[in-house]
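Chemist: Have a look at the structure that comes next, please.
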Amino acid sequence: MSINNPLTKNIEKGRAPFTFAEYKAAGGYQSFANAIKMAPRDVMGQVKDAGLGGRGGAGFNTGLKWSFSPDPDGLPRYLVVNADEMEPGTFKDRLLMESDPHLLIEGMITASYAIQATTGYIFLRGEYTVAEENLLKAIAEAYDNGMLGKNIQGSDFSLDIYLHTSAGRYICGEETALINALEGKRANPRFKPPFPQVSGLWGRPTLVNNVETICNIPGILTYGVDWFKGLGLGDECGTRISGVSGRVKNPGCWEMPVGTTFRTLLEDYAGGMQDGYELKAFLPGGGSTDFLMPEHLDLPMIPGEVAKAGSRLGTSLIMVLDDKTCPVGTVRNLIKFFAHESCGWCTPCRDGLPWVEHILNKMEEGKGEMKDIEILKEMCGYMGPGNTFCALAPGAAEPLQSSLKYFMDEYESHVKHGCSYKSH
Amino acid sequence: MNNIIASTALKARQLTDEEIHEIEHEKTHYPYAQAVGLEALKIVQKYQGWVSDESLLAVSEYLDIPPDDLEGVATFFNMIFRRPVGKNVILLCDSVACWMLGCDDLKAHITSVLGIEYGETTEDNLFTLIPVPCLGDCDRAPSMMVGRELYRNLTNEKIDQIIADYKAKA
Ligand SMILES: Cc1cc2nc3c(=O)[nH]c(=O)nc-3n(C[C@H](O)[C@H](O)[C@H](O)COP(=O)(O)O)c2cc1C
Ligand code: SF4
Ligand code: FES
């Protein structure tokens, strides 16, 4: 198969997304016909063998995650697509849903067959109004054409898909908080175990996957495991959407082989830094990842490689910090976001983040003290992994701790003189 | 004043036929009525502009969700307004990419043009200004929404034009 951009092959800037008929004519909706000839567990196996890692941030093998769900018992079970996309600096799922909604619907149908889900929900952030309209249209078309509802394409398999639009709260992206939100509760995370695969929505087996993860399923079940493996560079499998924001010449996001380096993304796709600006550091995958430095640009965008450099690949949408923007101010902005979005359940997060924000505000005005830097370091520990109920606070600590590592001189100068950068 | 837990001393208002129709439609998507709570609040907000205590009580009675539980949901979400807002809500992104590209200057400009700070509404009731976390539009930063419309690559001039357009529509 010659297709090398399965996620974006139907996307053309400025053109309306494909209708059902156009999507089908372009080779769409074949994966279900292939999958239905196989046992559900074999479909899972194929996804596992393809080496698809979750695109929501953690990168866990998708087929393996699915395989933890117990065998069907005739009662409801759920597939939930995580389309909350509120991680600062992340804008890839928006592109997929606005520009090719049928790819997500097809992926959901085939994934639901694999895990034998009876209902699928798309948990969409409320601000994505264009995605909402395009998805609703695509769902309706899929029903009209017998791809959703009872006995899909004459098979024994039935599925309903519903769109849930949220109302703005970052913690809803955490998968157990998302389940609470879907049940109509406050979106505090839940204790794990039990994991949602076993007991999730209304106590039933539930798989939560990112939009882009599910958009990979049609390709794998249409063109096969070997094709998917061949898409990546070296030993890597598949493609993924990566992008750049900040002061680059051509900000945006693009589909590229897994294993592409940060440098290729930044220089070839995004056109390099704007004239008059230099790269100082970058956040590799959203606001909750540790800063990396220019010397890390030649790393491939692979979770393991990025971890070795002390950060996380996260959503693989990078944010560049240029030499004219204050690093302390950047962290202050991020911390303000996390403090605002904390669900308030546990102390290091609920009380720690506002404290950090307060200290950074003082530093901005030149009212900080040297001992504040020590407090910031301590706070990174309190908010670190294992000390909080979910990953929000540890994520918030990442840009803070790495900025303390790389930009200590900036913190010290803030304490002494306040912020010396021009505007923000 | 307005954001106290809904008091039982107040009376629920009557939901409109349109609101009931849309809430009933949402109910077909979930096995339990509680799950419709947020959607119902959003439906009410769409028609009334905000969620008053009387509206909250109406939804609570209609879906048989205890008012305190529903209030817990209403106050959890950034986009449920428990206080009156203007006809057009300006949601200005103040997260990191937009901040790097000057959203604080845009905020100052909006404040000087409309005379409102974050959380305030213009006297003619046309605009309310609210900061919003990253709109997932960072490659076109700075960005904002007015109601359901997204505006990107903003400058002061663009903002003037957008405000003028909404004023003309009013
Ligand atoms: C605070 C927080 C916010 C999150 N937000 C999102 C999100 O918006 N979208 C997403 O796909 N995953 C998000 N995640 C990760 C999810 O919990 C989960 O790992 C992911 O949806 C699993 O999908 P995947 O296996 O397909 O990657 C978030 C996690 C945390 C802790
Ligand atoms: S870490 Fe923060 S967001 Fe997560 S459960 Fe604790 S308070 Fe809530
Ligand atoms: S930071 Fe403003 S849209 Fe992402």
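The values are calculated or read from the model by the stated rules, or taken from the named source; none is laboratory data. Just so we're clear, the structure is a prediction, and the values are computed from it rather than from any experiment. Using ideal geometry, Cβ is built from the backbone for each residue, glycine included, and neighbour counts are taken over all protein chains shown. The area values use the complete protein model at the heavy-atom level, side chains included, leaving out ligands, DNA and RNA. Shrake-Rupley method; radii C 1.70, N 1.55, O 1.52, S 1.80 Å.
Chemist: Work out the charge dipole of the protein assembly as shown with +1 on the Cβ of Lys and Arg and -1 on the Cβ of Asp and Glu about the Cα centre, then indicate which of A:ALA50, A:ALA396, A:GLY285 is farthest towards its positive end.
Modeler: Working it through, the farthest residue towards the positive pole turns out to be A:ALA50.
Chemist: Rounded, prolate or oblate: which fits the stretch B:17-74, taking a ≥ b ≥ c as square roots of the Cα gyration tensor eigenvalues, rounded meaning a/c under 1.5, else prolate when a/b beats b/c?
Modeler: Details: a/c = 1.76, a/b = 1.09, b/c = 1.61.
Here the stretch B:17-74 falls in the oblate category.
Chemist: To the nearest 20 debye, what is the magnitude of the charge dipole of the stretch B:17-74 about its Cα centre, counting +1 on the Cβ of each Lys and Arg and -1 on the Cβ of each Asp and Glu?
Modeler: Using Cβ point charges on Lys, Arg, Asp and Glu, the stretch B:17-74 gives about 220 debye.
Chemist: What are the residues whose amide H is under 5 Å from the amide H of B:VAL146, where those residues sit 5 or more places off or on another chain and H is modelled from the backbone?
Modeler: B:LEU91, B:TYR151
Chemist: Further, regarding this structure: Be a star and scan the stretch B:102-126 for residues whose amide nitrogen sits under 19 Å from the point 7 Å along the Cα-to-Cβ vector of B:ALA168.
Modeler: B:114, B:126
Chemist: If you don't mind, there's one more thing I want to ask. Placing +1 on the Cβ of each Lys and Arg and -1 on the Cβ of each Asp and Glu in chain A, which of A:SER99, A:TYR421, A:PHE20 has its Cα farthest towards the positive end of the resulting dipole?
Modeler: Result: A:PHE20.
Chemist: Return the unpartnered cysteines for chain B, using a Cβ-Cβ cut-off of under 4.7 Å.
Modeler: If one checks each Cβ against the other cysteines of chain B, B:CYS134, B:CYS138 turn up with nothing under 4.7 Å.
Chemist: Within straight cross-link reach of A:LYS308, meaning Cα distance under 23 Å, which lysines are found once same-chain residues fewer than 8 apart are removed?
Modeler: Result set, ordered by chain and number: A:LYS280, A:LYS377, A:LYS405.
Chemist: For the pairs A:LYS92/B:LYS46; A:LYS9/A:LYS48; A:LYS192/B:LYS46; A:LYS24/B:LYS167; A:LYS229/A:LYS324, note any where the Cα-Cα span goes beyond 32 Å.
Modeler: Table pairs above 32 Å Cα-Cα are A:LYS192/B:LYS46; A:LYS24/B:LYS167; A:LYS229/A:LYS324.
Chemist: Net charge near B:PRO142: determine it from the other residues with C-beta under 14 Å of the C-beta of B:PRO142, scoring Lys and Arg +1 and Asp and Glu -1. All intermediate terms of the calculation are to be shown ahead of the outcome.
Modeler: On the way: positive: A:ARG247, B:LYS107, B:ARG140, B:ARG152, B:LYS158; negative: B:ASP94, B:ASP104, B:ASP105, B:ASP137, B:ASP139, B:GLU157.
Taking every other residue near B:PRO142 into account, the sum is -1.
Chemist: Which trypsin sites (Lys or Arg not before Pro) does the stretch A:332-424 hold that lie in a coil by DSSP with at most 11 other beta carbons within 10 Å?
Modeler: Passing sites in the stretch A:332-424 are A:LYS422.
Chemist: In addition: Restrict the search to the stretch A:352-392; then list the GluC sites (Glu not before Pro) that DSSP places in a loop and that have at most 13 other Cβ atoms within 10 Å of their Cβ.
Modeler: Numbers: sites: A:GLU357, A:GLU364, A:GLU365, A:GLU369, A:GLU374, A:GLU378; in loops: A:GLU365, A:GLU369.
Those satisfying the criteria are A:GLU365, A:GLU369.
Chemist: Also, I was wondering about something else. Suppose every Lys and Arg Cβ carries +1 and every Asp and Glu Cβ carries -1, with no other charges. What dipole size does the protein assembly as shown come out with about its Cα centre, to the nearest 20 debye?
Modeler: Charge dipole of the protein assembly as shown: 480 debye, to the nearest 20.
Chemist: Still on this model: Which value, in debye to the nearest 20, describes the size of the charge dipole of the stretch A:20-230 about its Cα centre when Lys and Arg Cβ atoms bear +1, Asp and Glu Cβ atoms bear -1, and nothing else is charged?
Modeler: 560 debye
Chemist: Quick one: accessible surface of B:LYS27, probe radius 1.4 Å, all protein chains present, in square angstrom to the nearest 10.
Modeler: 70 Å²
Chemist: Quick one: P(r) of chain A from all Cα-Cα pairs, 10 Å bins, percents rounded to integers, in order of increasing distance.
Modeler: For chain A, the pair-distance distribution reads 5, 22, 31, 25, 13, 5, 1, 0.
Chemist: Related question: Choose one of A:VAL208, B:GLN34, B:PRO84: the residue whose Cα lies farthest towards the positive end of the charge dipole of the protein assembly as shown (beta-carbon charges +1 Lys, Arg; -1 Asp, Glu; about the Cα centre).
Modeler: Most positive-ward Cα: A:VAL208.
Chemist: Would you kindly state how much longer the chain becomes between B:TYR32 and B:ASP64 on full extension, computed as 0.36 nm times their sequence separation minus their alpha carbon distance, in nm to one decimal?
Modeler: 10.5 nm
Chemist: OK, next. I'd like to verify something in chain A: which complete DSSP H helices, judged by Cα projection on the helix axis, reach 15 Å or more and average at least -0.5 on the Kyte-Doolittle scale?
Modeler: Length and hydropathy pass: A:101-115, A:129-144, A:327-341, A:352-364, A:370-382, A:392-406.
Chemist: Using a loss threshold of 30 Å², tell me which positions in the stretch A:394-424 are less accessible in the complex than in their chain alone. Probe radius 1.4 Å, ligands and nucleic acids ignored.
Modeler: The answer is A:HIS424.
Chemist: Which trypsin sites (Lys or Arg not before Pro) in the stretch A:29-133 sit in a loop by DSSP (not H, G, I, E or B) and have at most 10 other Cβ atoms within 10 Å of their own Cβ? Numbers along the way, then the final one.
Modeler: Numbers: sites: A:LYS37, A:ARG41, A:LYS48, A:ARG55, A:LYS65, A:ARG77, A:LYS92, A:ARG94, A:ARG125; in loops: A:LYS37, A:ARG55, A:ARG77, A:ARG125.
Loop-located and lightly packed - A:LYS37.
Chemist: Taking only protein heavy atoms and a 1.4 Å probe, what accessible area per residue, in Å², does the stretch A:20-230 have with all protein chains in place?
Modeler: 31 Å²
Chemist: Counting only helical runs of four or more DSSP H residues, what would the 222 nm mean residue ellipticity of chain A come to if each run contributes -39,500 (n - 2.57) and the total is spread over all its residues? Provide the component values of the computation, followed by the final result.
Modeler: Values: 18 runs with 171 residues, N = 424.
About -11500 deg cm²/dmol.
Chemist: Here's a follow-up. Quick check: with the 1.4 Å probe, what order do B:HIS109, A:HIS414, B:HIS21, A:HIS340 take by accessible area, largest first?
Modeler: Details: B:HIS109 35, A:HIS414 0, B:HIS21 135, A:HIS340 105 Å².
Sorted descending by solvent-accessible area, the residues read B:HIS21, A:HIS340, B:HIS109, A:HIS414.
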